[in-house]
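The values are calculated or read from the model by the stated rules, or taken from the named source; none is laboratory data. It should be emphasised that the depicted structure is a prediction, and the values quoted were computed from it without experimental measurement. Note that we place each Cβ from the backbone using ideal geometry, even for glycine, and neighbour counts take in every protein chain shown.
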Amino acid sequence: MTRGRLAGDDGYVMVAVLVFVALFASLAASTLSSTAGASAQVRAALHQSRSAALIDAGLASAGYALFAEPDAVPPAMTFEFALGGGAVRVAIEDEAGRVDLNAADEELLATLYRAFGGGNLQPESFAQAVVSWRDAVREQWPENSVRPFRQVGDLLQVAGVAADDVATLLEHATVFNPQGSVDPLSAPLRLVAALPGSTQADLERLAAARLLPNATPETAFSVLANPSRHIARNPSGIYRVKIAARVESGHPREASAVLAASEDEAAGFGILAWDGEGAGR
């Protein structure tokens, strides 16, 4: 399965070197924290440094899997590994599992709200308000023509959209799925069920297709009797990565990123969005 342009190995080697240098530096420093004279503040700072290094390692591993060895990774997956006395959990999903506020048409936006909205608006009213707002932004600021919505939270600027609407849509909307359609493998079945023409038989076949070890969006598309025009047949090449890192003591630290192939081969991959500590700081 193709996931964008294949990145250069040198970029991943550089990322790996930086990650392991940071990790071993923090491990060496942790030895100092075990001495009797180490303060609680020093130990806390070292704990944070090790967690950040583990998150960097998870990010580098996800980037390598997605863009250097794409055929080895399904479009939605989770893996874990131990490193330097800690553990990292990485979850990857195609960003096309979410509805893009900039690229989706009114019908798909209404479907999104029907499935996950807070109920303050009728689905059609929500869709019309979103389209009107982004059209107004594009007219007033042509430089924002591609992405009037810079983040999902910008929905609060749309007339009639309330904070609880944004809260319920936050995990199902995006600004990083420019193809405008949704991936049948990673989109919630609840969203697919809300699409016009979806049947219970379609949902059952789709749920079964998702369990196949080598399933692709094309595989999932093919099991639908009358697939919606909003269903994608190819992966988007943009992925959301969620990383949780745990050292020997303390609570897990978490971060998330949206990744895409980089125009710069030496970089390996590009970070479109980052939330948390680690490489994206």
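Values as computed for the structure displayed
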{"read-out": "Considering residues of segment 196-220 that are modelled with pLDDT under 90 and either in contact with a strand residue (DSSP E or B) (Cβ under 7 Å, 6 or more places away or on another chain) or of a type in the set (S, T, N, Q) (or both) only, the residue surrounded by the most Cβ atoms within 10 Å (Cβ to Cβ)", "value": "Thr216"}
{"read-out": "Selected residue [over 30 Å from Thr219 (Cβ atoms) and under 15 Å from the mean Cα position of the chain (by Cα)] from Gln151, Gln157, Gln128, Gln140", "value": "Gln151"}
{"read-out": "Qualifying residue in segment 172-183 (condition: touching a helix residue (DSSP H, G or I) at 6+ places or on another chain (Cβ under 7 Å), in a loop (DSSP other than H, G, I, E, B) and free of Cβ contacts under 8 Å to residues at least 24 places away in the same chain)", "value": "no"}
{"read-out": "Residue in segment 236-247 that is part of a loop (DSSP other than H, G, I, E, B) and of a type in the set (D, E, K, R) present", "value": "no"}
{"read-out": "Per-region count, segment 120-146, residues touching a helix residue (DSSP H, G or I) at 6+ places or on another chain (Cβ under 8 Å), in a loop (DSSP other than H, G, I, E, B) and in contact (Cβ under 8 Å) with a residue 24 or more places away in the chain", "value": "2"}
{"read-out": "Yes/no for Ala167 being touching a residue at least 12 places away in the same chain (Cβ under 8 Å) and either outside any loop (DSSP other than H, G, I, E, B) or of a type in the set (D, E, K, R) (or both)", "value": "yes"}
{"read-out": "Filter result for Val258 (under 30 Å from Gln48 (Cα atoms), in the same structural domain as Ala60 (by TED's automatic domain parsing), modelled with pLDDT of 85 or more and surrounded by 18 or more Cβ atoms within 10 Å (Cβ to Cβ))", "value": "yes"}
{"read-out": "Residue check for Glu95: surrounded by fewer than 16 Cβ atoms within 10 Å (Cβ to Cβ) and charged (D, E, K, R)", "value": "no"}
{"read-out": "Some residue of segment 180-193 being over 19 Å from the mean Cα position of the chain (by Cα) and basic (Lys, Arg)", "value": "no"}
